[in-house]
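First comes the structure, then the notes that go with it.
The values are calculated or read from the model by the stated rules, or taken from the named source; none is laboratory data. Because the structure is a prediction, the values reported are computed rather than measured. So basically every Cβ, Gly included, is an ideal-geometry build from the backbone, and we count neighbours across all protein chains shown.
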Amino acid sequence: MKSRRTGQTSDSDRQGTTPGTVSALCVPRGEPNAATLSVILSTLEKMQATIEKMSAMQNTMQKKVADIKETQLSIIRSQRHLSSQVLDLQNRHKKFHTHLQDVPLEIIVQIFAWIPMRTVLHYRRLSKTINQCLLTKEFALLNVQTAHFQKGGFDQTWFHLPEPYQTVYANAMPAQLKKVYNDSKSIEAKAKGLPESITCLTAVTGIYLNSCKLIGSIPNGIGALQSLTHLALRNNSLTGPLPDEINLLFALETLDLTNNQLSGEFPALSNLQSLGALHIDGNRFTGPIPTVFGDLGNMIRLTASRNRFSVIPATINKLENLGELNISNNSFACEIPPEIWTLTRLFHLDMSNCELSGSLAGVGNLQELVRLDVSNNQFSGELPSREIYGLWFLKGLHLIGNQFSGGELLDSAKSNLHLLCVEPEFRLDTWQEYCLCCSQHEVIRDSQESDTET
């Protein structure tokens with residue numbers, strides 16, 4: 001019996017046993033269970049993270065959808081409100097307006113008031129009514145209050161705006177506009193005056209309105225621009241005297257009024273401590289050459305040619321750091337003041353066509369001189385050749401048209417001159433042709449003959 005049971009057991013074991021089962025039975029039972037659990041737990045964690053990420057994305061999408069719906073509702077409410085306003089303004093007993101000229105002025109104002117200034121002026125051509133509406137000071141004020149106002153960027157635009165906009169914007173942004181200058185692409189065809197509202201731009205530091213066909217006078221209120229450092233109004237047709245309020249521009253460093261028609265005596269600028277360059281060529285100023293400035297030591301460039309000045313004051317010697325002095329084409333009709341030879345920092349001196357007389361003795365003091373032009377005057381006496389030889393930096397010398405007599409003939413071997421303009425009897429034949437001046441050096445007695453020069 002025992003043997004049968006043993007045999008049966010063996011048969012059944014052989015029938016239910018496979019090679020894999022045999023190998024599995026050889027591995028400890030705890031190890032495969034732990035590895036399987038670890039894989040399952042890792043997979044569950046990844047699934048949980050994915051579910052959380054998808055949930056967050058779903059919340060974000062729902063929020064965006066809600067925002068879009070809210071925006072749509074806001075637009076619908078705005079449309080209804082605007083429609084209600086239009087219906088209130090519109091005569092309901094008439095048919096719907098199909099022509100622009102039939103639209104009530106109130107609606108035109110409300111529509112265009114929301115358009116930024118840079119764009120709204122383009123619509124002036126739509127109709128005469130719209131043009132008149134958009135050019136009123138009231139509309140400009142409404143536009144600056146209603147439209148999206150972009151601060152800055154008006155440096156080139158402001159000067160070319162219609163006058164009502166200039167006034168409104170000058171008052172609306174006095175602390176924002178820093179410079180005013182002309183855009184060469186927008187040169188006005190018509191002559192215009194310097195806008196009175198420019199005096200409201202109290203924060204402006206530079207005004208550059210050269211060649212803008214400006215007429216009329218400089219506004220008296222310009223003294224309010226106490227942050228102004230550069231004022232350039234050259235090549236215009238400004239008239240009248242220079243206002244005394246210029247003396248209130250305490251920060252002014254450069255004043256350029258070249259080629260205008262300004263007249264009268266030039267005012268004293270005793271308050272302008274920083275003024276270093278004054279250019280007033282080609283005007284009709286009379287009286288003495290200006291020498292009264294806040295800090296005389298700061299004045300480096302003074303050009304006052306082609307005017308009607310008649311006096312070179314002795315106080316010119318106080319401009320001790322002056323580097324450029326051009327007083328040509330003025331009728332002084334006097335002897336050259338000796339104070340000129342004390343300006344030892346001069347590198348450019350032009351006194352041509354001034355009816356000056358006397359001697360050039362003392363020119364040797366100007367050791368930094370690079371160019372000297374005293375042509376077409378009445379200088380006499382010996383030619384100061386030895387003093388001229390001592391000016392090592394001198395490159396251009398114009399002496400023609402005077403009454404010199406005697407003196408050593410100018411020798412090219414003893415100077416560093418690149419250009420010489422003098423009568424043949426005052427120079428040796430050693431000079432090369434290219435070193436001799438070919439200019440005509442015309443005598444200009446009326447300063448206004450050259451006012452149109454640029």
Open item on the list: If Arg308 meets every condition in (1) in contact with a Lys or Arg (Cβ under 7 Å, 6 or more places away or on another chain); (2) free of Cβ contacts under 8 Å to residues at least 40 places away in the same chain; (3) over 21 Å from Leu214 (Cα atoms) apart from one, which number is that one?
Closed with: (2)
TODO: Residue by residue through region 365-391, note down the ones that are within 15 Å of Leu325 (Cα to Cα) and acidic (Asp, Glu).
DONE: Glu368, Asp373
TODO: Tally the residues that are touching a strand residue (DSSP E or B) at 6+ places or on another chain (Cβ under 9 Å) and either of a type outside the set (Val, Ile, Thr) or over 18 Å from Leu272 (Cα atoms) (or both), restricting the search to region 298-317.
DONE: 12
TODO: Check whether at least one residue in region 383-392 is of a type in the set (Gly, Ala, Ser) and within 22 Å of Leu410 (Cα to Cα), and report yes or no.
DONE: yes
Open item on the list: Checking the structure you have, find out if any residue of region 404-423 is of a type in the set (Gly, Ala, Ser), closer than 27 Å to Leu319 by Cβ and assigned to a loop (DSSP other than H, G, I, E, B).
Closed with: no
- [ ] Check Ala191, Ala175 and return the single one that is among the aliphatic types (A, V, I, L, M) and either modelled with pLDDT of 75 or more or at positive phi (or both).
- [x] Ala191
- [ ] Identify all residues within region 337-374 that are closer than 22 Å to Ser439 by Cβ and either touching a residue at least 40 places away in the same chain (Cβ under 8 Å) or of a type in the set (D, E, K, R) (or both); write none if there are none.
- [x] Phe347, Asp350, Ser352, Asn353, Glu355, Arg371, Asp373
Open item on the list: Tell me the residue from Asn330, Asn321, Asn326 that is within 17 Å of Leu278 (Cα to Cα) and surrounded by fewer than 17 Cβ atoms within 10 Å (Cβ to Cβ), please.
Closed with: Asn321
Open item on the list: Criterion first (over 25 Å from Gly294 (Cβ atoms) and surrounded by 15 or more Cβ atoms within 10 Å (Cβ to Cβ)) does Asn307 satisfy it?
Closed with: no
- [ ] Return the residue satisfying two criteria in turn: it lies in region 351-372 and is among the hydroxyl-bearing types (Ser, Thr, Tyr) and assigned to a loop (DSSP other than H, G, I, E, B), and of such residues it is surrounded by the most Cβ atoms within 10 Å (Cβ to Cβ).
- [x] Ser352
TODO: Count, please, the residues in region 292-326 that happen to be in a helix (DSSP H, G or I) and among the hydroxyl-bearing types (Ser, Thr, Tyr).
DONE: 1
Task: When residues of region 380-396 are limited to those that are surrounded by 14 or more Cβ atoms within 10 Å (Cβ to Cβ) and in a strand (DSSP E or B), the one nearest to the chain's Cα centre (by Cα) - done: Gly396
Open item on the list: Among the residues in region 338-350, are any surrounded by fewer than 16 Cβ atoms within 10 Å (Cβ to Cβ), at pLDDT below 95 and in contact with an Asp or Glu (Cβ under 9 Å, 6 or more places away or on another chain)?
Closed with: no
TODO: Identify the single condition in (1) hydrophobic (A, V, I, L, M, F, W, C); (2) free of Cβ contacts under 8 Å to residues at least 40 places away in the same chain; (3) under 29 Å from Phe266 (Cα atoms) that Leu397 does not satisfy, given that it satisfies every other one.
DONE: (3)
- [ ] Taking only region 337-389 into account, find how many residues are in contact with a Pro (Cβ under 8 Å, 6 or more places away or on another chain) and among the aliphatic types (A, V, I, L, M).
- [x] 3
